[in-house]
Amino acid sequence: MAESSIPVDLFNPGQVFACLGFLEAADVLCGDAEGGFDWSDEAETRFCLRAGSARNPFETVLGFLANTKPRRWGPVGYSEPPPKTRKKGKMAEENKLELRDTFPAHKTSATKMALPICLSGESRFAIELSHWADGSSRNDFKLYAGNRSAYQIAGAMLQGIVQLWTERRNDLIERPFGITTPMSGSFNFDPRGGWTAIGTGYSPNKQKHQVAASPVVEILTTWALENARPNEYETRKVRYAAWGVVLPPILARVALAGAVSGVPLKRFRFELDKAGENKIVTFAEQEI
């Protein structure tokens with residue numbers, strides 16, 4: 001069993017969510033994963049992760065992401081609108097839509113912008129990500145809007161990880177949340193890349209300017225939200241918690257929402273900001 005840890009900013013909600021994503025991913029890729037936060041050093045909180053593999057579990061997860069591509073899938077009977085531009089060759093093949101008998105929501109709610117994706121690559125694993133299309137009673141916590149699709153956003157995030165994996169692999173493994181890269185669009189989970197036109201004085205999108213954030217935070221938060229949600233209350237207000245002992249995924253999911261007893265927790269809250277139709281995660285404050 002291998003064990004390692006990485007620095008994490010507990011006031012960055014996306015980083016805490018992505019820690020659960022690391023735990024979920026390590027449990028799938030390595031088996032027997034457990035993870036928790038260590039805040040014994042006031043100067044630097046770390047997320048500790050151990051799993052049933054001889055390899056650093058953070059390295060295993062990042063390596064998987066760097067060698068995978070997203071695929072779209074939808075319900076049987078779904079027919080998407082014709083593309084505005086004709087795609088040929090490899091691009092058309094990568095954008096191919098797979099139809100399945102099962103779907104997380106009613107098939108009438110399937111739209112091109114909110115189709116689920118599947119991550120697959122050189123390994124034997126195929127990971128389905130679909131929280132933004134969740135048709136259950138849970139809040140789907142879908143923050144992105146407009147003409148961007150989950151497939152397009154995930155593809156951009158994975159390209160960013162590939163670049164960092166190629167150019168700065170050791171740094172990425174040691175501090176995966178600390179390395180940011182310019183991104184033209186995201187799922188809006190990392191507050192470092194969040195912006196509003198009022199706050200910035202202009203719209204980076206209209207000027208085609210890229211904003212730096214962490215693709216690791218973005219993609220691993222989507223993995224975490226497959227089985228967990230923070231506690232959203234009132235109007236765009238959200239609570240979450242970091243847990244102070246190592247837990248398996250099934251308990252860590254509950255701990256993220258602050259709903260587990262007998263475990264040391266640090267609780268935080270933040271507000272979702274608005275940029276047009278998009279919701280944006282902001283930095284949090286600790287609840288006393």
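The values are calculated or read from the model by the stated rules, or taken from the named source; none is laboratory data. Remember, predicted model here, so these are calculated numbers, not experimental data. Neighbour counts are summed over all protein chains in view; Cβ atoms, including those assigned to glycine, are modelled from backbone coordinates with ideal geometry. Only protein heavy atoms, including side chains, enter the accessible area calculation; ligands, DNA and RNA are left aside. Shrake-Rupley method; radii C 1.70, N 1.55, O 1.52, S 1.80 Å.
How about region 58-78: which of its residues are open to solvent by less than 50 Å² (accessible area, probe 1.4 Å) and assigned to a loop (DSSP other than H, G, I, E, B)?
Tyr78
Which residue out of Ile250, Ile280 is surrounded by fewer than 16 Cβ atoms within 10 Å (Cβ to Cβ) and under 19 Å from the mean Cα position of the chain (by Cα)?
Exactly one of Ile250, Ile280 is surrounded by fewer than 16 Cβ atoms within 10 Å (Cβ to Cβ) and under 19 Å from the mean Cα position of the chain (by Cα), namely Ile250.
Pull up region 112-153, narrow it to residues that are over 21 Å from Ala275 (Cβ atoms) and without any contact (Cβ under 8 Å) to a residue 12 or more places away in the chain, then point me to the one that is surrounded by the most Cβ atoms within 10 Å (Cβ to Cβ).
So, considering only residues that are over 21 Å from Ala275 (Cβ atoms) and without any contact (Cβ under 8 Å) to a residue 12 or more places away in the chain, the one surrounded by the most Cβ atoms within 10 Å (Cβ to Cβ) is Ala126.
Among Arg50, Arg55, which is the only one that is farther than 21 Å from Ala213 by Cβ, outside any strand (DSSP E or B) and open to solvent by 20 Å² or more (accessible area, probe 1.4 Å)?
Arg55
From Ile250, Ile288, grab the single residue that is of a type in the set (A, V, I, L, M, F, W, C), over 27 Å from Gly146 (Cβ atoms) and modelled with pLDDT of 95 or more. Before the answer, list the steps.
Values: Ile288 fails: modelled with pLDDT of 95 or more.
Criteria check complete, one pass: Ile250.
Is region 211-221 home to any residue that is at pLDDT below 95 and open to solvent by 20 Å² or more (accessible area, probe 1.4 Å)?
Yes, the conditions are met somewhere in region 211-221.
Do you know which of the residues in region 13-47 that are in contact with an Asp or Glu (Cβ under 8 Å, 6 or more places away or on another chain) and farther than 29 Å from Ser120 by Cβ is most open to solvent (accessible area, probe 1.4 Å)?
Of everything passing the filter in region 13-47, Arg46 is most open to solvent (accessible area, probe 1.4 Å).
Pull up region 219-258, narrow it to residues that are in contact with a strand residue (DSSP E or B) (Cβ under 8 Å, 6 or more places away or on another chain) and acidic (Asp, Glu), then point me to the one that is farthest from Glu287 (Cα to Cα).
Glu226
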